[in-house]
Amino acid sequence: MSVIDLRSDTVTQPTPGMREAMLSAELGDDVYGEDPTVNRLEQHLAGELGFVAGLFVPTGTMSNLLGLMAHCARGDEYIVGQQAHTYKYEGGGAAVLGSIQPQPLEMQADGSLDLDRVEAAIKQDDFHFARTRLLTLENTMQGKVLPLSYLAAARALTHKRGLALHLDGARLYNAAVKLGVAAAEITRHFDSVSVCLSKGLGAPVGSVLCGSRELIGKARRLRKMVGGGMRQAGVLAAAGLYALEHQVARLADDHANAARLAIGLGELGYAVEPVQTNMVYVEIGERAEALQGFCAERGIKVTTASRLRLVTHLDVSAEDIARVLEAFSAFRRI
Ligand SMILES: Cc1ncc(COP(=O)(O)O)c(C=O)c1O
């Protein structure tokens, strides 16, 4: 029985074509700036997203951290959503390592931050206060796509108030595919963007931070400081390049599978939140642990949250969705 892992889109295995690309990658020492494959990835992604420079790093956590630290100095502040990854799920790194004070705000149901509340949270220039320097958004946010008009409004506000704007674009390409636009249509509103290659895109490792030459120069120094300077990293960057070339358009399949799963669960009587991309949220209540065990016996991996997140990705097929629905149907009957 094959295993279906719905816990996250980080669990994918490199495809045969990706492994080939990794094997044949041209390599050099990237700390010396001499890895041709890393350089190609950085230039390719920065160019595609409308930036001058990019920086390859091992993880999305590091990419966001370097972005925040490159924008903000000690004693500065960034505004961020309560549920945002950079605030809630990255070990408080911006505060711990960057001495950057977070100003978290409640998120709206669509994954955005109310821009009036953002503006109200910007602190006056007064020595009592931290200096508000940056607004950080996430797209997709728990699978939801921020509208382009909202991004334009966030850009206008940050320009007006002299703030920088950073995007945690771990799933930027899911948002672009869902909207049917080039990713640059999203990223053109931002001063910096972190893109994960190891989520829906299916690479085993890696993120890229994109921004101005000055910002990426600062981030490169910070990357060395936090131990993220890798040597023959082209073997990993090759996987990212392969993913960008071959595994972007197929994200639509993941979205279709998630929609199929959500419809099926709804028909079985589960309370399912509306789905936009590759994440399905379903209310399981107190039976979450029982469901996990029940699914495990059927070769299906899920987490144990009462608001359960099911994530589709390149190792989940339409047939797998049918098997998952059978399991959830059987679980409802016991
Ligand atoms: C929205 C978002 N941002 C950033 C990250 C961090 O990525 P990494 O696990 O590579 O550190 C994740 C990881 O799941 C994420 O979901």
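The values are calculated or read from the model by the stated rules, or taken from the named source; none is laboratory data. Only a predicted model underlies this, so the values are computations on that prediction, with no experimental measurement involved. Note that we place each Cβ from the backbone using ideal geometry, even for glycine, and neighbour counts take in every protein chain shown.
Of everything in the stretch 87-109, what is in contact with a Phe, Trp or Tyr (Cβ under 8 Å, 6 or more places away or on another chain) and within 16 Å of the ligand (Cβ to nearest atom)? Give them in sequence order.
Ala94, Pro102, Pro104
Within the stretch 89-99, is even one residue under 15 Å from the mean Cα position of the chain (by Cα) and either surrounded by 14 or more Cβ atoms within 10 Å (Cβ to Cβ) or at pLDDT 95 or above (or both)?
Yes: one or more hits.
Just give me the residues in the stretch 166-213 being away from the ligand (no atom under 12 Å from the Cβ), hydroxyl-bearing (Ser, Thr, Tyr) and either within 13 Å of Val57 (Cβ to Cβ) or in contact with a Pro (Cβ under 6 Å, 6 or more places away or on another chain) (or both), in sequence order.
If the condition is that a residue be away from the ligand (no atom under 12 Å from the Cβ), hydroxyl-bearing (Ser, Thr, Tyr) and either within 13 Å of Val57 (Cβ to Cβ) or in contact with a Pro (Cβ under 6 Å, 6 or more places away or on another chain) (or both), then Ser192 is the only one that fits.
Please go through the stretch 30-77 and pick out each residue that is without any contact (Cβ under 8 Å) to a residue 60 or more places away in the chain and either crowded, with 22+ Cβ neighbours inside 10 Å or in contact with a His (Cβ under 9 Å, 6 or more places away or on another chain) (or both).
Thr61 - this is the single residue of the stretch 30-77 that is without any contact (Cβ under 8 Å) to a residue 60 or more places away in the chain and either crowded, with 22+ Cβ neighbours inside 10 Å or in contact with a His (Cβ under 9 Å, 6 or more places away or on another chain) (or both).
For the stretch 132-139, indicate whether the set of residues that are more than 13 Å from the ligand (Cβ to nearest atom) and over 24 Å from Gly75 (Cβ atoms) is non-empty.
No, the stretch 132-139 contains no residue that is more than 13 Å from the ligand (Cβ to nearest atom) and over 24 Å from Gly75 (Cβ atoms).
Answer with yes or no whether Gly47 is away from the ligand (no atom under 16 Å from the Cβ) and either within 15 Å of Ala239 (Cα to Cα) or in contact with a Cys (Cβ under 6 Å, 6 or more places away or on another chain) (or both).
The answer is no for Gly47.
Specify the residue that is surrounded by the most Cβ atoms within 10 Å (Cβ to Cβ); the eligible residues are those in the stretch 102-120 that are among the hydrophobic types (A, V, I, L, M, F, W, C) and part of a loop (DSSP other than H, G, I, E, B).
Leu113
Give the residue that is surrounded by the fewest Cβ atoms within 10 Å (Cβ to Cβ), with candidates limited to residues of the stretch 291-321 that are in contact (Cβ under 8 Å) with a residue 24 or more places away in the chain and either assigned to a helix (DSSP H, G or I) or among the small types (Gly, Ala, Ser) (or both).
Selected residue: Ala318.
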